[in-house]
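Asker: Structure incoming, see below.
The values are calculated or read from the model by the stated rules, or taken from the named source; none is laboratory data. Bear in mind the structure is a predicted one, so any value in this text is a computation, not a measurement. Here the Cβ positions follow ideal geometry from the backbone for every residue, glycine too, while neighbour counts run over all protein chains shown.
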Amino acid sequence: MRKHIVAGNWKMNCTFTEADELVNGIMEQLEEKELPRETQLIVCPPLPYLEMTTDYANDSYFLVGAQNVSDQERGAYTGEVSAEMLESMEIDYCIVGHSERRQYYGETDAIVAAKVDRLLAHGLKPIVCVGEVLEEREAGRQLEVVKRQVEQGLFHLTAEQMQEVVIAYEPVWAIGTGRTATPEQAQEIHAHIRSLLAAKYGQALADEVSILYGGSCKPSNAKELFACADIDGGLIGGASLKAEDFVAIAMSF
């Protein structure tokens, strides 16, 4: 049975004090509620707060993820953070290929593939983001775009490596816009991704990979989205900045 995963991507938000209050709020919510079976909560704070968050996580019910990693192993890359560094901090997951990294920082599928390799080599689980922009959706190219991103970002992996990967489908036109893909639209892409995995690695492996939905997921629509056959959870942006909303989403299975 594949895991249900709810991962909170804080992006570039929160002062240190606000981050501390948010983590404490999440812990308080978790003390009051019992997460559904097979549900994993992941908190992905900004880099400066990783150590603080992992300190809390040791006594709580969530794992910690980073929001980005370098595609280089180590060396003269000012401002970058390596997978080796994240491993040394006992970070569990790391987001790669987020649409904002692709859009604002020019990350290509090849760079995403290299980052995935770095993370796996150091024992971290990548959360690999794929998804189409509005123009591609309106042109009916969403399946083609997602296929390219999945194949070029992941299909160099062995079956054993692929079992360590989480995929997040994020329709770029729904991120931070308040617009959400309908359950039918989201399920179509999730099923498409799983079929690509099945064709490459076999149905048994494809059925083990958790595929998350990202794009204005909130407590009011999470239950309907998570009820879809191939949606295994969410990569949560804005709603992860409110402890009550974030935990409520995790309770939606």
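Asker: Looking only at segment 71-109, which residues are farther than 21 Å from L212 by Cβ, out of contact with any Asp or Glu (no Cβ under 9 Å at 6 or more places or on another chain) and not in a loop (DSSP other than H, G, I, E, B)?
Answerer: The answer is M85, E87, S88, Y104, Y105.
Asker: Also, I was wondering about something else. Tell me which residues, restricted to segment 145-196, are exposed (fewer than 15 other Cβ atoms within 10 Å of the Cβ), under 17 Å from the mean Cα position of the chain (by Cα) and farther than 21 Å from S216 by Cα.
Answerer: Result: Q163, single match.
Asker: Taking S252, is it in contact with a Phe, Trp or Tyr (Cβ under 9 Å, 6 or more places away or on another chain), closer than 22 Å to A19 by Cα and either modelled with pLDDT under 95 or of a type outside the set (A, V, I, L, M) (or both)?
Answerer: No: the conditions fail for S252.
Asker: Confirm whether G215 is within 14 Å of the chain's Cα centre (by Cα), at pLDDT 95 or above and either in a helix (DSSP H, G or I) or surrounded by 18 or more Cβ atoms within 10 Å (Cβ to Cβ) (or both).
Answerer: No, not satisfied.
Asker: Here is a follow-up. Out of the residues in segment 43-100 meeting the condition of being under 15 Å from V116 (Cα atoms) and among the small types (G, A, S), tell me which one is surrounded by the fewest Cβ atoms within 10 Å (Cβ to Cβ).
Answerer: S82
Asker: Could you check A168 against (1) touching a residue at least 12 places away in the same chain (Cβ under 8 Å); (2) outside any loop (DSSP other than H, G, I, E, B); (3) more than 17 Å from R2 (Cβ to Cβ); (4) not hydroxyl-bearing (S, T, Y) and say which number it fails?
Answerer: Just one mismatch for A168, condition (3).
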